[in-house]
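Nothing in this text is a laboratory measurement; each read-out follows from the coordinates by a stated rule. Just so it is clear, the model here is predicted, and its values are computed rather than measured. So basically every Cβ, Gly included, is an ideal-geometry build from the backbone, and we count neighbours across all protein chains shown.
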Amino acid sequence: MSLVTKVILNADNELRYPSVGELESLQSYFGTSEKRIVIASILRDEEQEIIKTASKAIFQIHPEYIAPGGNAEGARKRSLCLRDYGWYLRLVTYGILAGDKDSIEQVGVIGVKDMYNSLGVPIIGMIDSIECLKNASIEFLSKDQSDFASPYFDFIIQGMSI
C-alpha cells in the first residue's frame, strides 16, 4: 500500500481529515518522487547486470550451492535462483515507489521463510543472496540513492532473519 493510500484510508477509517503530520509526510513523499522514479528506473534498466554481479558474489560465498548436489546445481536450478533475484529486485522497486515497506511485506516476505524451508533452500543463503543483490544494486546508484534504497533491501533481509 502506498503512503498516499495509507494516509487516506487511515483518515477515512476515523472519519477525519488527514492530520498535519500526515500531510507533512505526504509533502515529504512527494518531494522525493523524482528520486524514487530515478532509482526504480536505474534498478529496472540495470537488472541483468545487477543479477549477474549478485549471482557471481553469492556463488563465491557459497560455492557448495553450484557444486554437485547443491541447491543451484545445473543450469535449470541456477536459473530458478536467478529468477528469484529479479523478483526481489522488483519488490524493492515497488517499495521505493510506494514509499512504504508494506508492499514488500505483503507481497514478498510473509511466508517466504516457510516456503524456502519447505523447498530445502537454506535461509542463510537467501539472506546472503539479498545482501549480494543489495551490494550489486548499490554499484549502480549514487551514495544518496544508495542510502535511500538500502532500507528496502534491509527490510527483506530482516524479514528472512526472523
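Some points to look at:
- Too-long pairs where the Cα-Cα distance tops 29 Å, listed order kept, from LYS6/LYS52; LYS56/LYS143; LYS52/LYS101; LYS6/LYS77; LYS35/LYS77; LYS101/LYS143: LYS6/LYS52; LYS6/LYS77; LYS35/LYS77
- The Stokes-Einstein estimate for segment 111-162, based on a Kirkwood radius over Cα pairs and taken at 37 °C with 0.692 mPa s viscosity, is a diffusion coefficient of 282 µm²/s.
- Stretching ARG76 away from LYS56 to a fully extended chain increases their span by 5.6 nm, per 0.36 nm per residue minus the current alpha-carbon distance.
- Along the chain, longest interval not containing exposed GluC sites (Glu not before Pro), exposed being DSSP loop plus at most 16 other Cβ atoms within 10 Å: 74-138
- Paramagnetic reach from SER2 (point 7 Å along Cα→Cβ, amide N under 16 Å) across segment 37-68: 37-41
- Whichever aspartates and glutamates have a C-alpha closer than 20 Å to that of LYS113, once near sequence neighbours (fewer than 8 apart) are set aside: ASP84, ASP102, GLU105, ASP128, GLU131, ASP154
- P(r) weight above 26 Å for segment 52-162, C-alpha pairs, percent: 16 percent
- Note on the chain: GNM, Cα springs under 10 Å; of ALA11, ALA149, ALA98, the largest mean-square fluctuation is that of ALA11.
- Cβ charges +1 (Lys, Arg) and -1 (Asp, Glu), total dipole of segment 33-161, debye: 320 debye
- For segment 18-47 versus segment 71-89, the gap between their alpha-carbon centres in whole angstrom: 30 Å
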